[in-house]
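Read-outs throughout are calculated quantities, based only on the coordinates presented, and are distinct from any laboratory measurement. Please read these numbers as outputs of a predicted model, since none were measured by experiment. FYI the Cβ positions are ideal-geometry reconstructions off the backbone, even for glycines, and counts take in every protein chain you see.
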């Protein structure tokens with residue numbers, strides 16, 4: 001499968017715990033995006049990377065959230081001290097980053113904070 | 001920032017009928033206009049897109065029209081089938097400002113056999 005992959009697919013955690021999600025983009029896509037989607041809503045932008053550089057962060061990304069893309073390939077999104085309001089689907093997308101704008105989404109990681 | 005509104009929020013049609021979903025946006029710098037389809041529990045999938053230098057694009061039963069002056073673009077599905085039932089999102093983008101997608105609230109399309 002050469003599409004965007006995400007792990008884990010599901011995560012259940014207790015409030016206050018830390019969680020980390022991983023996204024593997026399509027090979028050679030240099031732009032990588034993170035979005036969050038709650039039930040009945042459209043995905044909301046969180047942050048994006050151009051290669052290894054994190055170039056934009058949404059106001060939704062509080063200090064408890066951190067994202068990295070250390071080698072310009074896979075990315076991780078960590079949430080510290082999780083809260084019930086963090087429960088959502090976390091989606092990753094990648095795009096070639098040249099003149100082709102199309103973003104391809106991964107299957108998402110569904111987070112439930114108890 | 002960009003404000004995106006999508007109408008209607010729900011749409012029910014009979015199989016074989018046409019469906020039209022409209023998306024309005026606020027930022028005149030938007031230059032890429034995709035539509036995504038999302039089935040329950042699955043990832044958003046691009047079904048059609050259009051760039052700002054084109055007014056209309058068609059792909060089999062699906063078409064997108066763009067009115068940059070009025071700042072809206074529409075998804076047209078003809079000869080609807082039950083498998084078209086899903087939530088559809090518009091997501092205009094300003095590519096040279098990072099390319100983040102700003103999603104509308106979604107339209108739940110139900111096609112009745």
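Name every residue in the range A:1-15 that is in a loop (DSSP other than H, G, I, E, B) and either in contact with a strand residue (DSSP E or B) (Cβ under 9 Å, 6 or more places away or on another chain) or free of Cβ contacts under 8 Å to residues at least 24 places away in the same chain (or both), in order of residue number.
Passing the criteria: A:1, A:3, A:4, A:8, A:9, A:14, A:15.
Looking at A:91, A:61, which is the one that is surrounded by 21 or more Cβ atoms within 10 Å (Cβ to Cβ) and either in contact with a strand residue (DSSP E or B) (Cβ under 6 Å, 6 or more places away or on another chain) or away from chain B (no Cβ under 14 Å) (or both)?
A:91
For the range B:26-62: of the residues being part of a strand (DSSP E or B) and more than 13 Å from chain A (Cβ to nearest Cβ), which is nearest to residue B:77 (Cα to Cα)?
Restricting to residues being part of a strand (DSSP E or B) and more than 13 Å from chain A (Cβ to nearest Cβ), the top hit is B:62.
Of everything in the range A:85-114, what is over 22 Å from residue B:97 (Cα atoms) and part of a strand (DSSP E or B)? Give them in sequence order.
Of everything in the range A:85-114, those that are over 22 Å from residue B:97 (Cα atoms) and part of a strand (DSSP E or B) turn out to be A:88, A:89, A:90, A:109, A:110, A:111, A:112, A:113.
Taking the range A:48-84, which residues are outside any loop (DSSP other than H, G, I, E, B), closer than 20 Å to residue A:95 by Cβ and free of Cβ contacts under 8 Å to residues at least 24 places away in the same chain?
Selection gives A:48, A:53, A:54, A:55, A:56, A:57, A:68.
Hey, can you tell me all the residues within the range B:63-113 that are without any contact (Cβ under 8 Å) to a residue 40 or more places away in the chain, within 14 Å of chain A (Cβ to nearest Cβ) and surrounded by fewer than 19 Cβ atoms within 10 Å (Cβ to Cβ)?
The answer is B:98, and nothing else.
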